[in-house]
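One structure below.
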Amino acid sequence: MKHEKNSGGYTLVELFVSVAVLLCFTSLVLPSLSGVNTRRTVTLKTWEIKRHLEYTRSIAITRNKEITLCIATLDYRCVRKQGSRLLVFEDTDNNRRWTSEEVLYRDTKLGKATVELSASFGSSIIHFKGNGESKHSGNFKVCEPGIEPFARQVIFFRSGRVRLSGNSDMDGYDNRSSSPILCN
């Protein structure tokens, strides 16, 4: 008796087993990919804020005048948290809000990341003087809501120096201060 060769197709059982294996693999991989995406988004946003601080300082030095950076609401009012944009402008009337009469250098949307400013004297703005020094010291904390909470900080000093928090081992602690960076 002759046996026919298999035509090279898959049986329904083989297809179901393959789909089940693929679903198991996907359920294991997706949460970790979400964590990677959260870390990536937070890290990119911290670099963007660092560049804005450096840009603000550079304009202050170049123009030899005080330049302001702040987190702002939709109506351009500077706040410490729950803002939707990052502004760099000349606050000539010192009202902690950009108005159309003032020079606006940058208006950047923050996206879905949560950014919170913690500055000396509880300030909601950062002023860089014409000599490059800041009137305040503190940090911007950047968080991203997600499956895996993750935060980073952009730390600025009165001297004008700006640095990012380090977290090379991804344990949620700044490597230099050993203090946790927690999202509220």
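In table form, for the structure just shown:
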read-out	value
Kirkwood Rh and Cα Rg combined as Rg over Rh, evaluated for the stretch 33-73	1.20
Amide H within-cut-off set for His136, under 5 Å, with H built and near neighbours excluded	His127
Percentage relative contact order, the stretch 52-134, counting C-alpha pairs under 8 Å, at least six apart	36 percent
Too-long pairs where the Cα-Cα distance tops 22 Å, listed order kept, from Lys65/Lys141; Lys50/Lys81; Lys50/Lys109; Lys45/Lys65	Lys65/Lys141; Lys45/Lys65
Accessible surface, 1.4 Å probe, highest first, among residues Cys24, Cys70	Cys24, Cys70
Computed label-point distance, nm, for sites Arg51 and Lys81 using a 7 Å Cα→Cβ extension	2.7 nm
Karplus 3J(HN,Hα) series, Hz, for the stretch 51-58 with 6.51 cos²θ - 1.76 cosθ + 1.60 (x for Gly, Pro)	4, 5, 4, 5, 5, 4, 4, 4
Residues whose placed amide H lies under 5 Å from that of Arg106, excluding near-sequence neighbours	Val88
Integer Hz, Karplus 6.51/-1.76/1.60 couplings in order for the stretch 79-85, x for Gly and Pro	9, 7, 7, 6, x, 10, 8
Whether the stretch 92-142 is rounded, prolate or oblate, judged on the alpha carbon gyration tensor where a/c under 1.5 counts as rounded	oblate
Shape category assigned to the stretch 56-165 from the gyration tensor of Cα positions, a/c cut at 1.5	oblate
Other-chain or far-sequence residues with amide H under 5 Å of Gly166's (modelled H)	Asn175, Arg176
Distance between the stretch 95-119 and the stretch 34-78 - C-alpha centres, whole angstrom	8 Å
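The values are calculated or read from the model by the stated rules, or taken from the named source; none is laboratory data. What you are looking at is a predicted structure, and each value in this text was computed from that prediction instead of being measured. When we count neighbours, we look across all protein chains shown, and the Cβ atoms used for this are built from the backbone with ideal geometry, even at glycine. Please note that ligands, DNA and RNA were not included when accessible areas were found on the heavy atoms of the full protein model with its side chains. Shrake-Rupley method; radii C 1.70, N 1.55, O 1.52, S 1.80 Å.
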